[in-house]
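The values are calculated or read from the model by the stated rules, or taken from the named source; none is laboratory data. A quick note: this is a predicted structure, and the numbers were derived from the prediction, not measured. Cβ atoms come from the backbone with ideal geometry, glycine included; neighbour counts cover every protein chain shown.
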Amino acid sequence: MLIRVAINQAYQSATDTYGDFEISKVNPVLSKAITQRVNDYLKAYPHGLYRASAQGLLRRGYWFSGQNDKLIQELAWQLHHPKDPNYNLDILLLPNELDNQVFSNEKLDPNNLKDPFFLTIYDLMQMRKPTGEDQQPISWAQLQQQKVYFKQQSELFEYLEALHLFFIQKQPAQALNYLPNNDPSKINNYVQLSQVVLKGRILETQDSKMAYSYWNSMLERTSNSNQYAMLEMALAINMQKNKNYAGFLAKDSKIKQRNLRKIFIEKIADQASLEQMLASKESNPDERNIALNTLLEHAIVQQDYKTFIQNFKYVPQNAAEYQGYSSKNKAYQDQPPLSIFVWQGKKISPEIQCYSLLSTVTQLSKDSNDRLANICLGEAIRETGHFLDIFTTENQPDILGKVKKSSKGQIFYRGTVYQNIIKESQPSELQAYALYRAIQCYAPAGTNECGNEAVSKAIRKQWFQKLKTQYPNTTWAKSLKYYW
């Protein structure tokens, strides 16, 4: 209890009135008392009931007093003595402790890192992509100075050398020289898995087809599901970059994780692949629903009304029950909200009547400039809240799903529809509604919610004044008190 009292006193000495703790303000006299009381206890009761707990609190004392070298030594001892009675590590909390108290500590001196475990973490952090101008990666010379500490783990050190050559020096061919010549017949540990992944990354820069064969081969040699998942992701990224959609759709596809396949369907697959999934009776029913949702959504967004109409036949008869998390049937709660495609329309006013989404799209397929049909499509998008108002422009092929899809047509923005009708010289009730909706695009925070480029507040003021002066008797003019 005396140890814990000392910790509380030291903690309070560096805590302000708002409860914020700042390690640099800990009273050194109080922090020293922590380690003193821990050592007193361990000396008095070397076999005491609470010796493991006391040993663990010693780390708190080192942290509070800024003795980073001793903190690292203590953590290293703990890691190497898991069966000792004084062992006191919670593996689930250890990563957070290492990050906060060791590697994010301003007083960290790399020279205090002599254990391969700590050195490896430090080196990996130093080989990350710099996030600031003053941040410099570890040099080859600095890395070589650590070699003496890896005498018992030379293979691990060679892996770090290969990483440096690949990521920092940009010499993939040389990096291969530091990896095993022969691939493992079975991946049995983390070092082997790391070597396998790095070799695959190197092959990706040299020959993507060779890398594809390599990932497939290594997947056969995994020892557990975690290993398989990592290599499966690498294979999926390879297939994405090479537009190998057939590899995803094949019966014997090695891409089995549901989340990876979902990303493929939603973010990667082209129209032909999605339509193939819909037409095939062998497609997984859940994946077919995702493909249907993706294809129809994209068709709406790209104003590809022909594709929407052609594939509407795949919408299930009970689509109205598919309401995502709001579905009454629990079996549908994890399914796409297919109910949005059977939107039944609405009566906006006595003169403005919207019919079903299918009817609206059919009309737009005949006349893409139909004013009422465009307004109604905007209503479907606004009311369902599930349609995309934008089409992805990201293109990061090394990240699964971050690829730019080519657009077949002009992107539909309901804000553009409103603005086009507002510009018409002939007054109409449709124009009054367009004014109302265009203003509401910016409610309540002044941020455009309608997808197109934002307009200035001065223009929104003009819309507001036009609605109030030209259409004063409409319910929309009467209900609108502000513009944003």
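Limited to region 128-149, what total is found for residues that are of a type outside the set (Val, Ile, Thr) and modelled with pLDDT of 95 or more?
Going through region 128-149 one residue at a time, the tally reaches 10.
List every residue pair whose Cβ atoms sit under 6 Å apart, with the two residues 6 or more apart in sequence or on different chains, where the first one lies in region 328-344 and is under 22 Å from Ala380 (Cβ atoms) and free of Cβ contacts under 8 Å to residues at least 24 places away in the same chain and the second, anywhere, is of a type outside the set (A, V, I, L, M, F, W, C) and assigned to a helix (DSSP H, G or I).
Tyr332/Glu321
List every residue pair whose Cβ atoms sit under 7 Å apart, with the two residues 6 or more apart in sequence or on different chains, where the first one lies in region 307-325 and is closer than 11 Å to Leu295 by Cα and the second, anywhere, is charged (D, E, K, R).
Matching pairs, first to second residue: Asn311/Glu275.
Is there any pair linking a residue in region 373-391 that is at pLDDT below 95 and assigned to a loop (DSSP other than H, G, I, E, B) to one that is aliphatic (A, V, I, L, M) and surrounded by fewer than 16 Cβ atoms within 10 Å (Cβ to Cβ), with Cβ under 8 Å and at least six apart or on different chains, and which?
Close Cβ pairs (under 8 Å, with a partner that is aliphatic (A, V, I, L, M) and surrounded by fewer than 16 Cβ atoms within 10 Å (Cβ to Cβ)) amount to Ile390/Ile411; Phe391/Ile411.
Suppose we filter region 435-449 for residues that are in contact with a Lys or Arg (Cβ under 9 Å, 6 or more places away or on another chain) and small (Gly, Ala, Ser); how many remain?
Final tally of qualifying residues: 2.
Out of (1) buried (at least 16 other Cβ atoms within 10 Å of the Cβ); (2) farther than 28 Å from Ala14 by Cβ; (3) among the charged types (D, E, K, R), the odd one out for Lys129 is which?
The failed condition is (1).
Would it be correct to say that Val38 is within 27 Å of Asp109 (Cα to Cα) and surrounded by 15 or more Cβ atoms within 10 Å (Cβ to Cβ)? Can you show your working first?
Working: within 27 Å of Asp109 (Cα to Cα): yes; surrounded by 15 or more Cβ atoms within 10 Å (Cβ to Cβ): yes.
For Val38, the condition - within 27 Å of Asp109 (Cα to Cα) and surrounded by 15 or more Cβ atoms within 10 Å (Cβ to Cβ) - is met.
Considering each residue of region 143-185, count those that are hydroxyl-bearing (Ser, Thr, Tyr), more than 22 Å from Ala211 (Cβ to Cβ) and either surrounded by 16 or more Cβ atoms within 10 Å (Cβ to Cβ) or touching a residue at least 24 places away in the same chain (Cβ under 8 Å) (or both), and give that number. If you could, list the steps in order and put the result at the bottom.
Residues of region 143-185 hydroxyl-bearing (Ser, Thr, Tyr): 149, 154, 159, 178, 185.
Filter again for more than 22 Å from Ala211 (Cβ to Cβ), leaving 149, 154.
Subset that is either surrounded by 16 or more Cβ atoms within 10 Å (Cβ to Cβ) or touching a residue at least 24 places away in the same chain (Cβ under 8 Å) (or both): 149.
Residues in region 143-185 being hydroxyl-bearing (Ser, Thr, Tyr), more than 22 Å from Ala211 (Cβ to Cβ) and either surrounded by 16 or more Cβ atoms within 10 Å (Cβ to Cβ) or touching a residue at least 24 places away in the same chain (Cβ under 8 Å) (or both): 1 in total.
Quick check, is Ser407 in a loop (DSSP other than H, G, I, E, B) and either in the same structural domain as Asn311 (by TED's automatic domain parsing) or of a type outside the set (Gly, Ala, Ser) (or both)? Working first, answer last.
Numbers: in a loop (DSSP other than H, G, I, E, B): yes; either in the same structural domain as Asn311 (by TED's automatic domain parsing) or of a type outside the set (Gly, Ala, Ser) (or both): yes.
So Ser407 fits the description; yes.
Taking the options Leu295, Leu357, name whichever one is more than 28 Å from the chain's Cα centre (by Cα), crowded, with 21+ Cβ neighbours inside 10 Å and not hydroxyl-bearing (Ser, Thr, Tyr). Spell out how you get there, then give the answer.
Values: Leu295 fails: more than 28 Å from the chain's Cα centre (by Cα).
Of the residues listed, the single one that is more than 28 Å from the chain's Cα centre (by Cα), crowded, with 21+ Cβ neighbours inside 10 Å and not hydroxyl-bearing (Ser, Thr, Tyr) is Leu357.
Identify the residue in region 103-148 that is among the aliphatic types (A, V, I, L, M) and more than 27 Å from the chain's Cα centre (by Cα) and, among all such residues, is nearest to Gly66 (Cα to Cα). Don't jump to the end; show me each part of the working.
So the first thing to find is which residues in region 103-148 are among the aliphatic types (A, V, I, L, M), and the list is 108, 113, 119, 121, 124-125, 127, 138, 141, 143, 148.
Add one more test, that the residue is more than 27 Å from the chain's Cα centre (by Cα), and what stays is 108, 113, 119, 138, 141, 143, 148.
Details: Leu108: 9, Leu113: 15, Leu119: 20, Ile138: 24, Ala141: 28, Leu143: 26, Val148: 27 Å.
Top of the filtered list is Leu108.
Exactly one of these conditions fails for Asn238: (1) surrounded by 14 or more Cβ atoms within 10 Å (Cβ to Cβ); (2) assigned to a helix (DSSP H, G or I); (3) outside the structural domain of Asn311 (by TED's automatic domain parsing); (4) without any contact (Cβ under 8 Å) to a residue 24 or more places away in the chain. Give me its number.
Only one criterion is unmet by Asn238, namely (4).
Tell me the residue from Asn216, Asn188 that is in contact (Cβ under 8 Å) with a residue 24 or more places away in the chain and part of a helix (DSSP H, G or I), please. Step through it out loud before you land on a result.
Numbers: Asn188 fails: part of a helix (DSSP H, G or I).
Exactly one of Asn216, Asn188 is in contact (Cβ under 8 Å) with a residue 24 or more places away in the chain and part of a helix (DSSP H, G or I), namely Asn216.
Quick one: is Glu424 of a type in the set (Asp, Glu), at negative phi, surrounded by fewer than 12 Cβ atoms within 10 Å (Cβ to Cβ) and in a loop (DSSP other than H, G, I, E, B)?
Numbers: of a type in the set (Asp, Glu): yes; at negative phi: yes; surrounded by fewer than 12 Cβ atoms within 10 Å (Cβ to Cβ): no; in a loop (DSSP other than H, G, I, E, B): yes.
Considered against the rule, which asks whether it is of a type in the set (Asp, Glu), at negative phi, surrounded by fewer than 12 Cβ atoms within 10 Å (Cβ to Cβ) and in a loop (DSSP other than H, G, I, E, B), Glu424 comes out as no.
Can you tell me which condition Ile300 does not meet? The list is (1) surrounded by fewer than 20 Cβ atoms within 10 Å (Cβ to Cβ); (2) of a type in the set (A, V, I, L, M); (3) touching a residue at least 60 places away in the same chain (Cβ under 8 Å), and all the others hold.
(1)
Lys468: touching a Leu at 6+ places or on another chain (Cβ under 9 Å) and basic (Lys, Arg), yes or no?
On the way: touching a Leu at 6+ places or on another chain (Cβ under 9 Å): yes; basic (Lys, Arg): yes.
So Lys468 fits the description; yes.
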